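Remarks on the structure that follows.
The values are calculated or read from the model by the stated rules, or taken from the named source; none is laboratory data. Since this is a predicted model, take the numbers as computed values, not measurements. Here the Cβ positions follow ideal geometry from the backbone for every residue, glycine too, while neighbour counts run over all protein chains shown. Just so you know, the surface numbers come from the protein's heavy atoms only, side chains and all, with ligands and any DNA or RNA stripped out. Shrake-Rupley method; radii C 1.70, N 1.55, O 1.52, S 1.80 Å.
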Amino acid sequence: MAQIYLASRSPRRRELLSQLNIQFEIVDGEIDESQQAGENAEQYVQRLAQAKAQQGWKNSPKDKPVLGSDTIVVYQDRLLGKPTNQQDAVNTLALLSGQQHQVITSVAICCQDRLETITVSSDVEFAPISESQAIEYWQTGEPQDKAGSYAIQGIGGQFVKRIQGSYSAIVGLPLYETKQLVEKVLQRL
């Protein structure tokens, strides 16, 4: 029997949540993900996670907490979303080439009138990436729906020289922090 609802269609989040031995069902948590004026990266990712959890709560039977999450890639205060085409991905990877950037993941749980949120930031350093490597990577299909135009858990991991922080948060759900948050909420029920 499910313990919580997950307001996400991400296969990576489903896989990570399954690793925590938390039983869950999927609910619709689709929202408008536009950044608001004056919103910094951390405020943005927190708002999205909270909005997804709240939207999931509206769409659920309201008998279990709803978890929403979002992950963003940030380089020098610039949010790097999903690429719109090959050139966009190549440009993003050129920007990140040989540089350090941040991946910020926020997790929110909505239950009745409560909303709990945690945010985890990790640093990722890339090795130099040539244009031909970026094009070849694009052609694998992997970066086409990934923020920052790469997936650390896949082929894109070849570009990662070093990380400081939570690997699972970079993938899309910080395991330790999520487990603590879920247990905290479930204990109150």
Given a 1.4 angstrom probe, I'd like the percentage of the accessible area of the chain that is carbon and sulfur, rounded to a whole number. 42 percent
Cut-off under 14 Å on the C-alpha distance; same-chain residues fewer than 8 positions from Lys58 excluded. Which aspartates and glutamates are left, in chain and number order? Asp28, Glu30, Asp113
Starting from the Cα of Lys161, draw a straight line to each of the aspartates and glutamates and keep only those under 12 Å, dropping any in the same chain fewer than 8 residues away. Asp123, Glu125
Sorted from largest down, give the three principal axis spans of the alpha carbons of the range 5-108, whole angstrom values. 46, 32, 23
Keeping every protein chain present and rolling a 1.4 Å probe, give me the accessible area per residue for the range 45-136 in Å². 44 Å²
Which order do peptides 10-18, 159-167 fall in by mean Cβ count within 10 Å, highest first? 10-18, 159-167
All other residues with a Cβ under 14 Å from the Cβ of Ala127 taken together, and with Lys, Arg as +1 and Asp, Glu as -1, what is their net charge? +1
If packing is taken as the average number of other Cβ atoms within 10 Å across a peptide's residues, how do 109-122, 25-38 rank, most packed first? 109-122, 25-38
Apply the Karplus parameterisation 6.51 cos²θ - 1.76 cosθ + 1.60, with θ equal to phi minus 60°, to every residue of the range 60-65 and state each ³J(HN,Hα) to the nearest whole Hz, in sequence, with x for glycine and proline. 9, x, 6, 9, 8, x
Two-decimal ratio, the range 48-124, of alpha-carbon radius of gyration to 2.2 N^0.38 Å: 1.40
For Lys62, the lysines lying under 30 Å Cα to Cα, once residues fewer than eight places off in the same chain are dropped, come out as Lys52, Lys179, Lys184
Given [x] 31, 16, 15; [y] 22, 20, 16; [z] 41, 24, 13, which label gives semi-axes √(5λ) of the Cα gyration tensor in Å as computed from the coordinates? [x]
Please work out the C-alpha center-to-center distance from the range 94-125 to the range 26-72 and express it in whole Å. 13 Å
Spread of Cα-to-Cα distances over 5 Å intervals beginning at zero, given as percent, for the range 1-49: 5, 18, 23, 18, 16, 11, 7, 2, 0
Order Asp70, Asp145 by their accessible area, 1.4 angstrom probe, all chains in place, largest first. Asp145, Asp70
